[in-house]
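Participant: Can you keep this structure in mind? I'll have questions shortly.
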Amino acid sequence: MKTCIIPLFASLFLAGCAGGPSNFREIDLDHDGRASRGEFTDAVAQISFAAADRNGDGFIDLEEWHRTESTGSDGLFRARDLSRNGRISSQEARLAAEKNRSLAALFNAIDANRDGFLDRNEAHGYRAKLR
């Protein structure tokens, strides 16, 4: 998704990390008590995709894109629509999240101990910085 909405979805991610154990388990897919860069990217991609797919059909069309993206450019939509079918699938959204440098930078900003994983303490620390 677009860079300007990444902080919103990161906040949702952090709310899950800093929330109860069940919230973190939803993000911590391998249940090792920490979230890898891939798990983080998957969580942000899933949250952002679900928010944009307003009609719940499993795709983001141009109309949904414009309603989600206040500055949603048609060119950016076309860049995300890798299959060129006029819709962005969850897989296309995941690939976009993976390539998003802002998302990688955000992960690095949260990963205070630079071990390549996020834990609840880092989520709490980053959330405190945002306040």
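The values are calculated or read from the model by the stated rules, or taken from the named source; none is laboratory data. Here the structure is a predicted model, which is why all the values come from computation and not from measurement. A quick note on method: Cβ atoms are made from the backbone with ideal geometry, for glycine too, and the neighbour counts reach across all protein chains shown. For the accessible areas, the whole protein counts, side chains as well, though only heavy atoms, and no ligand, DNA or RNA atoms are used. Shrake-Rupley method; radii C 1.70, N 1.55, O 1.52, S 1.80 Å.
Participant: With charges only on Cβ, +1 for K and R and -1 for D and E, what is the dipole size of region 42-130 about its Cα centre, in debye, rounded to 20?
Facilitator: Using only the charged Cβ atoms, the result is roughly 240 debye.
Participant: At 0.36 nm per residue, and after removing the present C-alpha to C-alpha distance, how many nm does the segment from L76 to D57 gain when stretched out fully?
Facilitator: Difference between extended and current length: 4.8 nm.
Participant: Right, next: Grab the Cα-Cα distance for N108 and A50, subtract it from 0.36 nm times how many residues apart they are, and report the gain in nm with one decimal.
Facilitator: Working it through step by step, the gained length comes to 18.5 nm.
Participant: Could you tell me the accessible area of S102 in Å² (1.4 Å probe, neighbours in place), rounded to the nearest ten?
Facilitator: The value for S102 is about 50 Å².
Participant: Something else: Quick check on packing: order 59-66, 110-117 by the mean number of other C-beta atoms within 10 Å, highest mean leading.
Facilitator: 59-66, 110-117
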